[in-house]
1. Give me the pairs, please: first residue somewhere in the stretch 259-285 and touching a residue at least 40 places away in the same chain (Cβ under 8 Å) and assigned to a loop (DSSP other than H, G, I, E, B), second residue anywhere and exposed (fewer than 14 other Cβ atoms within 10 Å of the Cβ) and not basic (Lys, Arg), beta-carbon distance under 9 Å, and either six or more positions apart or on two chains.
2. Would the stretch 256-264 turn up any residue that is open to solvent by less than 20 Å² (accessible area, probe 1.4 Å) and either among the basic types (Lys, Arg) or within 30 Å of residue 4 (Cα to Cα) (or both)?
3. For the stretch 115-150, name all the residues that are assigned to a loop (DSSP other than H, G, I, E, B), touching a strand residue (DSSP E or B) at 6+ places or on another chain (Cβ under 9 Å) and not polar (S, T, N, Q).
4. Only one of (1) open to solvent by less than 80 Å² (accessible area, probe 1.4 Å); (2) in contact with a helix residue (DSSP H, G or I) (Cβ under 6 Å, 6 or more places away or on another chain) is not met by residue 267, so which one is it?
5. From 17, 11, 5, grab the single residue that is farther than 26 Å from residue 205 by Cα, of a type in the set (A, V, I, L, M), part of a helix (DSSP H, G or I) and modelled with pLDDT under 95.
6. Please state which one of 147, 174, 153, 162 is among the small types (Gly, Ala, Ser) and within 19 Å of residue 197 (Cα to Cα).
7. Could you list all residues from the stretch 156-179 that are open to solvent by less than 10 Å² (accessible area, probe 1.4 Å) and part of a helix (DSSP H, G or I)?
8. Of everything in the stretch 332-365 that's among the charged types (D, E, K, R) and assigned to a helix (DSSP H, G or I), which residue is surrounded by the most Cβ atoms within 10 Å (Cβ to Cβ)?
Amino acid sequence: MIWMLFFVFLLYGIIILGFALEIKHAGTFSQTCDIPTSTFTVVVPFRNEEAHLTDLLQSLAEVDYPQNSWEIILVNDASTDNSLEVINKCISQYALTNIDVIDNVRTAASPKKDALQTAIHTSKHPWIVTTDADCTVPANWLNRLDAIIQQQAPLMVIMPVAIATTVQPSFLTAYEQLDFLSLMGATAGSFYMGFPFLCNGANLAYEKEAFTAVQGFANNNHIASGDDHFLLEKFQEKFKNRISYLRSPDAIVTTQPQEHWNKFIAQRTRWAAKSSAYTFWFSKLMGILVLAVNLLSVVGVLYYAFAKAETQSIILMGLVIKLVVDVILIDSEASFYNRKRYLKWYPVVMVCYPFISTYIALRSLTTGYQWKGRNYKK
C-alpha cells in the first residue's frame, strides 16, 4: 500500500519536471511585426475597485498601439463606491477617447461571466482581450499579442500574469508569490506539453467568432468562477490546435496581491470551487493528483514519527521528490517573472504549503465563500 502512495508522488514528480523541461525548451516569444493588423476590444469587469482603477487606466493609456485599432470596455458590476468618479477623472486626465463604461446585465449566477458577455455583445472588434480592474498592463502588450496572432493564427492566446512585488515581503506575500509562480509554471508547462489546462482571465485573448462557436459561457454560467478555465476547455475540445501561449516579458500583466489571509483564502477557495466541474481529462487528473500529493504530504509528516523505518524512507523519498520538482519549476518561473528574491522563502513555504493547500481544497468542497461583498454557496 505504501508503495502505491509513493507512485502518486512519482507520477506528480514526472509531470511537474516535464512542465519545467518543456518551458526551458520552448524559450520565449520575441518576434515582432512591423505593421499591426489585429484589432482588439479590451474588456474589464469591475466592482468597487476605486483603489485600483487609476493604476489600470494609466497603464492602458500608455499602451503603444494604434488607437483606432482597439477599444476599452469597462463593465460596472453594481459598484457602490467611487469607481465611476475615478474612471471619469482618469478619462479626462489621460485623454482616453477609445473607452466606454457600461452596466453589467445580470442573467446568470456568475457576475463576471455576465459582465464579459455584456461587453462582448457591444464590442466593435474581432478579438476580445480580458483583464481585471486590479491589474496593470505593459506598454507593448497588444503589439506582442498582434505579433503572435499574425505568426501563429490562433483563436485563443493564453498570456502570463504576475503578482505585484511588495517593498517589505511578508510570509503571506512570499507564499502568494511562490504559489502563483507554480500555477504559472503549470500553465506554461502544460501548454508546451500539449495539454493546456490552466489560463488566467486577467490576461487572456480570444477571437469573438470562436467564442460564439463554442457557445461562450453556456453550460457553466451557474458556476460563479471559471470564466477562463471553462472557456479554455471548450476551445481545447473544438479548436485544440488553435491555442497559443504568449511567453514574453512584454506580455506580462501584473495583478495585486491579497492583503490579508482571509482574502487570500477566499480567493483560492473561489478558484478551487470550480474544480468539480472540470471536463478535460488532464484538468481532472491534475486536480486529483495535486490534492492527493498535498494530502499525503500532510499525513506523511504527521505519521512519520510513528512509522516503521521502511515506511519512513518511502515517506521521505516522496517528500523529497515533491520538494525537488516544485523548486525546479518555481525557479524557472522566478527567473522569467523576475521574482528570484522570493526563493529564499521557499523552505518555510514548502513546509506550510501542503497544510494550507489541503485546507483550501477541502474547504472548497464543503463550504461556500464570500467575494466582493457577495456570498456564494457550495
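1. Correct list of pairs: 279/237; 280/237.
2. no
3. Once the filter is applied, which keeps residues that are assigned to a loop (DSSP other than H, G, I, E, B), touching a strand residue (DSSP E or B) at 6+ places or on another chain (Cβ under 9 Å) and not polar (S, T, N, Q), the stretch 115-150 yields 124, 125, 126, 132, 133, 134, 137, 138.
4. (2)
5. 5
6. That would be 162, the only listed residue that is among the small types (Gly, Ala, Ser) and within 19 Å of residue 197 (Cα to Cα).
7. Listed by number, the residues that qualify are 174, 175, 176, 177, 178.
8. 333
The values are calculated or read from the model by the stated rules, or taken from the named source; none is laboratory data. The structure presented is a predicted model; accordingly, all values stated were derived computationally and were not measured. Positions of Cβ are backbone-derived with ideal geometry, glycine not excepted, and every protein chain shown enters the neighbour counts. When the accessible area is computed, the model is the full protein with side chains, heavy atoms only, and any ligands, DNA or RNA have been set aside. Shrake-Rupley method; radii C 1.70, N 1.55, O 1.52, S 1.80 Å.
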